[in-house]
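Structure, as structure tokens:
The values are calculated or read from the model by the stated rules, or taken from the named source; none is laboratory data. Small disclaimer: the values here were computed from a predicted structure and weren't measured. Cβ atoms come from the backbone with ideal geometry, glycine included; neighbour counts cover every protein chain shown.
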Amino acid sequence: MPPPKDPIKYEEWRRRSGEAVKKRFQDPEARKKQIETMNKGKRAPEARKKISEAQKKRFQDPEARKKMSEIKKKYFENPEAHKKRSEAAKKQWENPEARKKMSEAKKNPSEETRRKLSESQKDRFLKNPINEETRKKMSEALKGHAVSEGTRKKISEALKGHTVSEKTRRKLVESHKGRPVSEETRRKLRESLIGRPVSEETRKKIGNSLKGHSVSEESRKKMSESQKKAKSDPEYRKKASELTKKAFENPEIRAKISASAKKKFENPEYLKKHSEKQKKRFENPEERKKMSDVKKKLFEEKPEVRAKMSASAKKKFENPDARKKTSEATKKYFEENPDALKKMSEEMKKYYQENPDARKKASETAKKQFENLEARKKDSEAKKKYFENPESRKKASIVAKKRWEDPEERKKTSDATRKYYLDHCWYGQPMPEAEYCGKFNDDLKERVRAFFDYRCLNCGTLQEERTPSVHHVHNDKDACCAGSPYRSFAPLCASCHSIVTSSRDKKKWIDEFQDKIDTLYNGQSFFDVTKWRNIQAYQNGQMKSWRLLALEGGFRAGGGNLKNNF
């Protein structure tokens, strides 16, 4: 019987039909028969298409959709019906064809459909939250369920920007605890996190959550091994290096990392650990070479980095405690590793031979440093202490002898010594006349030498083979000129002259020589012109010895005014 066209009669007809169907479906046999008939009809493509179109048309009416939804909700309130529907769905899902069809049907739904489904699901879960048993069942059912790469990607994109509540986050963390993660998954997670920007808030949260968090030795070992494995991959290293460089371009990040590192190094335990690690690392020659090459490259590409490091080192060495600490550590290291000292010495020699500019720079730095009296004194004391050790003296002697075998090296040293004495000690060659008083000439020098019988005033050695040098006791070049209060001279052998002129304690030698001249020679240190002529006349046989001796005795007894008698 067809349905009536009148709306009022149609409603009545539908109600009666529904009650008749309900009554009829109470009989299990009739229900079964009806289901079989319906399934048989659905198998025909035309019938299926017809039903589908009718359903679509019907669902376009919001009222009809709402009514159907309410009927379904009411129906599923019955636990038996719910269970029955679940079993039927499971049975249907066992058929791969049916699964495939449903999957294709659900593909590419419209944005509106997605939104509605999402809202309906949210509404459903809020009103009827899933109990723990159901969750467990669902979890077990999904275990081992393979998801395609495309699906994963879609899920990932859909979840981007999706915020999760703190409660859900905590639950997720707890659920994942103790869960084994494959190496492949770890790798993927690690790669996905590289270059991912992390907000300041997130960093803070991570930092707070890790405070006081103790890591077991096993976990440390695992982390270390995983890091080593990751760093062995050149691609990973390259990527990490680029990201680090990019991060260090930001001054704020650099400052933060620097402050964090300084804070770490304030801890003695961490400092000790780091030092041991570095020592172990430097035992490997390949690692040392690698680090050296990296530094060289960095300094070549960025001179400002080298300048910065140099300034930092200088600032550090201004602190006497830091200098002392570094000095002691270096001494200890070289005492324990003599081969390292030898190697370093050879490398330095090679470096200075190949780089004349570097040699020149080092020489200028040393000269500048030695202008400071304190630095000279310190260096002198250190050398004295070093040479107190017979082994050190022997070693230095062997090195000097070996060096002296080279004619070029000898010539070089000789020229440098002459230049030094010419500039400072007036030994080896006469100084330019302009630098001395005009009366300090060869004649006066000979009178000084003869007065002291050609003996060194310091050691008393007779200078037969080599002419003694004439030393200005008060280091005054104008000692011979009228009006100068200092007119004391002393003949010195080459060795004593070197000691006296290179000494930093000038006053010591001035006092010592002047005391000898005053005590032993009545304040005189040379023959006057008259006396010297008489001596020369005696040597030539023109004067009798008694007169010379009388004159000499009178002179040495203090006779004669020599103030201007040069």
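Would you be able to say whether some residue in region 175-182 is at pLDDT below 80, over 22 Å from Lys246 (Cβ atoms), over 28 Å from the mean Cα position of the chain (by Cα) and assigned to a helix (DSSP H, G or I)?
Yes.
Within region 31-130, which helices (runs of 4 or more DSSP H) (wholly inside it) include 3 or more residues that are at pLDDT 75 or above and over 60 Å from the mean Cα position of the chain (by Cα)?
Result: 45-59, 62-76, 79-93, 96-106.
Which of (1) at pLDDT 85 or above; (2) in contact with a strand residue (DSSP E or B) (Cβ under 9 Å, 6 or more places away or on another chain) does Thr461 not meet, given it meets every other one?
All conditions pass for Thr461, except number (1).
Of everything in region 478-492, what is surrounded by 15 or more Cβ atoms within 10 Å (Cβ to Cβ) and modelled with pLDDT under 90? Give them in sequence order.
Asp478, Ala479, Cys480, Cys481, Tyr486, Arg487, Ser488, Phe489
Output the number of residues of region 445-466 satisfying the condition of being assigned to a loop (DSSP other than H, G, I, E, B), aliphatic (A, V, I, L, M) and more than 18 Å from Asn522 (Cα to Cα).
First, pick out the residues of region 445-466 that are assigned to a loop (DSSP other than H, G, I, E, B): 452-454, 456-461, 463-466.
Checking which are aliphatic (A, V, I, L, M) leaves us with 457.
When the remaining residues are screened for being more than 18 Å from Asn522 (Cα to Cα), the result is none.
Looking only at that region, the number is 0.
Give me the helices (runs of 4 or more DSSP H) completely within region 186-263, filtered to those with at least 1 residues that are touching a Phe, Trp or Tyr at 6+ places or on another chain (Cβ under 6 Å), modelled with pLDDT of 80 or more and among the hydroxyl-bearing types (Ser, Thr, Tyr), ordered by residue number.
Here the list is empty.
Could you tell me how many of the residues in region 264-274 are part of a loop (DSSP other than H, G, I, E, B) and surrounded by 11 or more Cβ atoms within 10 Å (Cβ to Cβ)?
Number of matching residues: 1.
Take region 372-392 and flag every residue that is under 24 Å from Glu346 (Cα atoms) and either in contact (Cβ under 8 Å) with a residue 24 or more places away in the chain or more than 40 Å from the chain's Cα centre (by Cα) (or both).
Within region 372-392, just Pro390 meets the criteria.
Counting only residues that are closer than 21 Å to Ser275 by Cα and among the small types (Gly, Ala, Ser), which one in region 317-357 is surrounded by the most Cβ atoms within 10 Å (Cβ to Cβ)?
The residue in question is Ala322.
Could you please find all residues in region 502-528 being farther than 22 Å from Glu446 by Cα, touching a residue at least 12 places away in the same chain (Cβ under 8 Å) and part of a loop (DSSP other than H, G, I, E, B)?
Arg504
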